[in-house]
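Q: Below you'll find the structure I mean.
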Amino acid sequence: MTEYQRSTDQTHEIQLDSAIDNAMWGYMQASVGDEVPLEVRTHFVGDGSEVRITVRNGSGRRLDRFTGTVNGNRYRGTYTVSDRAQDAIYFEAELRQHGLSERSENMEIIPAVTISNPQWSQQEARRGDILTLTADVEGAPDGTDATVEIYEHDADEAHDFITRLSAMVENNAIEIQWAYEYHDDVDEIPADWEVETGYSPPEYFFKVIIRSSEAKSGLLEFKDWIEINLVDEDEQPVADEDYVIYLPDGSQRNGTLDSEGHAREEDVPPGDYITVFPNRM
């Protein structure tokens, strides 16, 4: 740390020497097409000062050049690895108006990551289910960070983002768990008889993202349940009554209430439904 010792009972004029403390990549390894963060830290450099970044192969051949500005004695940027990159690349940071430059360490260029076979542990989800999401990975060593993004599927490609999870490559694969819960009101899902395009149940997919590579899973369908409780005018259960449930996808379920006037139907399509008791019509 720079120290300056003078009396405090008068004004002194001093000159502070500017410097580049370090220039560094955000990753030690990357592949062609990856967007890599980089940072230049300075000392006594004014805000708005221009920094020139020159990216070179390990042999010194220039690949790219761009500029940025220092703020708060720091410049942060990103670089998309060129397809001309070879075994390694580095960058030079220059503050030309200060006569300063600094070279980063080499960043190793490795083969691109390949992600395949992203799968749900089951094809249908029920409230409270713990789902396992998996995918195979090639070209990423153990410990490589991965991101898993989950979306609700939309036929018009306007998919709704649900959540983002962090995972890590281990033994050429990623595996992560997610607890499924439907947080919206199922009554707002249009039934088959309410829309011309027909019933469309909530479905989900996930994406696995590692650096610049990604892969998308197949669809997961939400299955719900329905409970029926029938009482008479005196609030007493009506036992052994036949019922018909018209489900939102146009199908129906038939059954009979138990001795407590109760029934539960599992694995039904979510949405608005109609229950009738044919013997009481």
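The values are calculated or read from the model by the stated rules, or taken from the named source; none is laboratory data. This is a predicted model, so every value here is computed, not measured. Positions of Cβ are backbone-derived with ideal geometry, glycine not excepted, and every protein chain shown enters the neighbour counts. What goes into the accessible areas is simple: the full protein's heavy atoms, side chains included, and nothing from ligands, DNA or RNA. Shrake-Rupley method; radii C 1.70, N 1.55, O 1.52, S 1.80 Å.
Residues checked against (1) out of contact with any strand residue (DSSP E or B) (no Cβ under 9 Å at 6 or more places or on another chain); (2) hydroxyl-bearing (Ser, Thr, Tyr); (3) within 30 Å of residue 108 (Cα to Cα):
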{"site": "162", "(1), (2), (3)": "no, no, no"}
{"site": "183", "(1), (2), (3)": "yes, no, no"}
{"site": "190", "(1), (2), (3)": "yes, no, no"}
{"site": "193", "(1), (2), (3)": "no, no, no"}
{"site": "200", "(1), (2), (3)": "yes, yes, no"}
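Q: Follow-up. Inside the range 235-256, can you point out the residues that are open to solvent by 20 Å² or more (accessible area, probe 1.4 Å), under 24 Å from residue 223 (Cβ atoms) and assigned to a loop (DSSP other than H, G, I, E, B)?
A: 249, 250, 251
Q: Follow-up. Any idea which residue in the range 107-118 is nearest to residue 63 (Cα to Cα), counting only those that are crowded, with 16+ Cβ neighbours inside 10 Å and at pLDDT 95 or above?
A: Once the filter is applied, the top-ranked residue is 107.
Q: Given 54, 80, which one is in contact with a Lys or Arg (Cβ under 6 Å, 6 or more places away or on another chain), among the hydroxyl-bearing types (Ser, Thr, Tyr) and open to solvent by less than 80 Å² (accessible area, probe 1.4 Å)?
A: Answer to the check: 54.
Q: Among the residues of the range 3-19, is there at least one that is within 30 Å of residue 143 (Cα to Cα), in contact (Cβ under 8 Å) with a residue 24 or more places away in the chain and open to solvent by 20 Å² or more (accessible area, probe 1.4 Å)?
A: So far as the range 3-19 goes, no, none of its residues is within 30 Å of residue 143 (Cα to Cα), in contact (Cβ under 8 Å) with a residue 24 or more places away in the chain and open to solvent by 20 Å² or more (accessible area, probe 1.4 Å).
Q: Can you name every one of the strands (runs of 3 or more DSSP E) wholly within the range 1-94 that holds 3 or more residues which are among the charged types (D, E, K, R)?
A: Of the strands (runs of 3 or more DSSP E) lying wholly inside the range 1-94, those with at least 3 residues that are among the charged types (D, E, K, R) span 35-43, 50-57, 62-69.
Q: Across the range 119-140, which residue is most open to solvent (accessible area, probe 1.4 Å) among those that are among the polar types (S, T, N, Q) and either outside any loop (DSSP other than H, G, I, E, B) or over 17 Å from residue 175 (Cβ atoms) (or both)?
A: 123
Q: What pairs can you find where one residue is in the range 118-146 and within 20 Å of residue 211 (Cα to Cα), the other is at pLDDT 95 or above and basic (Lys, Arg), and their Cβ atoms are less than 8 Å apart, with a gap of 6+ or different chains?
A: That search, which allows pairs on different chains as well, returns 118/207; 118/216.
Q: Restrict the check to the range 257-264 and report whether at least one residue is out of contact with any helix residue (DSSP H, G or I) (no Cβ under 8 Å at 6 or more places or on another chain), surrounded by 14 or more Cβ atoms within 10 Å (Cβ to Cβ) and under 30 Å from residue 110 (Cα atoms).
A: Scanning the range 257-264, I find no residue that is out of contact with any helix residue (DSSP H, G or I) (no Cβ under 8 Å at 6 or more places or on another chain), surrounded by 14 or more Cβ atoms within 10 Å (Cβ to Cβ) and under 30 Å from residue 110 (Cα atoms), so the answer is no.
Q: Another question, then. Being open to solvent by less than 60 Å² (accessible area, probe 1.4 Å), in contact with a strand residue (DSSP E or B) (Cβ under 7 Å, 6 or more places away or on another chain), in contact (Cβ under 8 Å) with a residue 24 or more places away in the chain and closer than 30 Å to residue 213 by Cα: is that true of residue 95 here?
A: Spelling it out, it is not the case that residue 95 is open to solvent by less than 60 Å² (accessible area, probe 1.4 Å), in contact with a strand residue (DSSP E or B) (Cβ under 7 Å, 6 or more places away or on another chain), in contact (Cβ under 8 Å) with a residue 24 or more places away in the chain and closer than 30 Å to residue 213 by Cα.
Q: May I pose another question? What's the number of the only condition in (1) surrounded by 13 or more Cβ atoms within 10 Å (Cβ to Cβ); (2) closer than 30 Å to residue 200 by Cα that residue 227 fails to meet?
A: With (1) surrounded by 13 or more Cβ atoms within 10 Å (Cβ to Cβ); (2) closer than 30 Å to residue 200 by Cα applied to residue 227, the lone miss is (1).
Q: As an exercise: evaluate residue 105 against (1) without any contact (Cβ under 8 Å) to a residue 60 or more places away in the chain; (2) over 28 Å from the mean Cα position of the chain (by Cα); (3) not in a strand (DSSP E or B) and give the number of the one condition it does not meet.
A: Unmet for residue 105, out of (1) without any contact (Cβ under 8 Å) to a residue 60 or more places away in the chain; (2) over 28 Å from the mean Cα position of the chain (by Cα); (3) not in a strand (DSSP E or B): (1).
Q: Given the options 200, 213, 217, name the one that is of a type in the set (Gly, Ala, Ser) and under 27 Å from residue 275 (Cα atoms).
A: Unique residue meeting the criteria: 200.
Rundown of residues vs (1) among the acidic types (Asp, Glu); (2) within 35 Å of the chain's Cα centre (by Cα); (3) at pLDDT below 95, yes/no style:
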{"position": "194", "(1), (2), (3)": "yes, yes, yes"}
{"position": "197", "(1), (2), (3)": "no, yes, yes"}
{"position": "207", "(1), (2), (3)": "no, yes, no"}
{"position": "246", "(1), (2), (3)": "no, no, no"}
{"position": "263", "(1), (2), (3)": "no, no, no"}
{"position": "268", "(1), (2), (3)": "no, yes, no"}
{"position": "281", "(1), (2), (3)": "no, no, yes"}
